[in-house]
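Worksheet: one structure, shown below.
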Amino acid sequence: MLFSLVPGWGHVYWGREAMGIGIFSAAALVGFGYLNTWLVYQGAGKTTMVWVFGVVFCLVMAANWIDIFLRTDPDRVSEDDRRRKLCIQRGTASYLQGDLAVALGEFRECLKIEPNCPEALFRIGVLAARQEDFETARSGLRRALRYDVGGKWKWEIEREFIRLDAGMLAQAEVTVDQEEDGELREKVLEGGSSEREEEAEHASA
């Protein structure tokens, strides 16, 4: 709640970065308009504009505090925690059964409840790595490591990074081999074409 004294900071702390930045930007813009109108502007309707900016600023701050109050309500926190654990359980079960699409959907649903959940981010990274989506995997693992404040998932994340690097290296080697095979095949074809052209020339002669 203390972070919410600065508009938007409380939302950033709770993992709602986009909403927090939006609230902070709105408050800063309206606050600037209020001060500029009050201290600088000397035209017609100054009093009305000051009141309008002041009221809008108060509404932004009120919305900021009310939303944070509702999000930090013990009952809501408890319910969100229950839903998050349920999503993790169902996603893990689907993953073990080989249903990766359902598992991914459950882990993403978990992130809607808690955007910075390190376990969900870690499992999304693992899923992406299994599907050879290495960029998404690395992004998910980095975020998981960033938000794993207690270090609960640190060992698993670092182990997955090692596997990810090995997978990327293997993919790069396969790509190089395929390119080399393609170049060799082109050379062979070019050589065969040259030989046939020479034979045709000798035959015509």
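So here's what we get for this one:
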read-out	value
Neighbourhood charge, 14 Å Cβ-Cβ cut-off, centred on G91 and excluding it, Lys, Arg +1 and Asp, Glu -1	+3
Restricting region 125-156 to GluC sites (Glu not before Pro) in coil, as DSSP defines it, with at most 15 other Cβ within 10 Å	E132
Ranked L169, L127, criterion: other C-beta atoms within 10 Å, fewest first	L169, L127
Net charge over other residues, Cβ less than 11 angstrom from the Cβ of A128 (K, R count +1; D, E count -1)	-1
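Computed from the coordinates by the stated procedures, all read-outs in this text should not be read as laboratory data. None of the values given here were measured: they were computed from a predicted structure. In this analysis, Cβ positions are derived from the backbone assuming ideal geometry, glycine residues included, and neighbour counts consider all displayed protein chains.
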